[in-house]
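Below is one structure; the comments refer to it alone.
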Amino acid sequence: MRELEGSVAIVTGAARNIGRAIALDLADAGAAVAVVTLSDTAGAESVVAEITTRAGRAIFIQADITKAEDAKRIVDETVRRFGRLDILVNNAGVRPENPVENITLHEWHSVLAVVLDGAFLCSQAALPALTIGGRGAIINIGGLTAYTGAPQRAHVITAKAGLDGFTKALAVELAPRGITVNLVAPGLIDTKRKGGDPAHRKTRTVLTGRLGQPEDVAAMVRLLAGPRGRYLTGQTIHINGGVYLP
């Protein structure tokens, strides 16, 4: 199926792991994809090359989503290249670990800036184009610990929990414009992380008996972005193999 044929998507933090899988799956569904990253330019270029090899359409945009002018530039470059915008995936995030008493105010603000400010600025910049298309979809990528808690992640958990509220607020406000807004919350996903796996993973039991793959998350994003996901909005959907039962 190429149910997204003719659609255009922006995926932030798309150079590796979950973001990479999302970009590839949306492209496989027929969407043209803007692959956005701040620092992993080699990874982003690799994603674009892989999409192109599969006969898809993609561009790489290097940008800092915590800056309003960069968020606007991402949208402007995407629309200039592909003519429209239908899907925004706010995937970019950072996950440092530090005991709460050691988190500096700068570190606190840095985490919230990427997760919350970035999602806000990109969503705000994308609204005119998403409204014109008439079938806009915003998909935010949350996280398991926003619902379960975890040690040494107060800043990360606060940011991801805020993203849940932001999703509901946008869903209500943007419904009259034909824009759906949902949040996908991955569980224990088998990704490459700097510094290894966080400690909280060792204490959790996955009912399905395996870690999730980035493609598991991408499959739900693809559904929400497409015509079969149009009756879903304002929802938090957990992709976690039963490690957390809301």
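All of the numbers you see were taken from the coordinates with simple rules; none came from a lab. For clarity, every value in this text was computed on a predicted model and none was experimentally measured. Reconstructed Cβ throughout: ideal geometry from the backbone, glycine too, with neighbour counts over all protein chains shown.
Determine, for the chain, the count of lysine pairs separated by eight or more sequence positions (or lying on different chains) whose alpha-carbon distance falls under 29 Å.
Taking the Cα cut-off of 29 Å, the pair count is 12.
Need the full-extension length gain, Arg57 to Ala169, defined as separation in residues times 0.36 nm minus the C-alpha distance. One decimal, nm.
Full extension of this stretch gives 37.1 nm more.
Using alpha-carbon pairs under 8 Å, 6+ residues apart, how would you state the relative contact order of the chain in percent?
20 percent
Can you tally the net charge around Ala113? Count Lys and Arg as +1, Asp and Glu as -1, for every other residue whose Cβ sits under 15 Å from the Cβ of Ala113.
Once all neighbours under 15 Å are counted, the net charge is -2.
Kindly provide the pair-distance distribution of region 8-239 built from C-alpha pairs, with 5 Å bins from 0 and whole-percent values in order of increasing distance.
For region 8-239, the binned pair fractions read 1, 7, 15, 20, 21, 17, 11, 5, 2, 0, 0 percent.
Give me the dipole magnitude in Debye, nearest 20, for the chain about the Cα centre, with unit charges on the beta carbon: positive for Lys and Arg, negative for Asp and Glu.
My answer is approximately 380 debye.
Under the definition of Cα pairs under 8 Å and six or more residues apart, what whole-number percent is the relative contact order of region 33-164?
Dividing the mean separation by the residue count of region 33-164 yields 26 percent.
Output needed: percent of Cα pairs per 10 Å distance bin for region 120-246, bins running from 0 to the one holding the longest distance.
12, 41, 32, 14, 2
Which of the peptides 222-233, 21-32 is most tightly packed, and how do the rest follow, judged by the mean count of other Cβ atoms within 10 Å per residue?
Ranking, from highest mean packing down: 21-32, 222-233.
Taking only complete DSSP H runs, can you tell me which helices of the chain stretch 20 Å or more along their own long axis by Cα positions and average at least 0.0 on the Kyte-Doolittle scale?
118-133, 154-174
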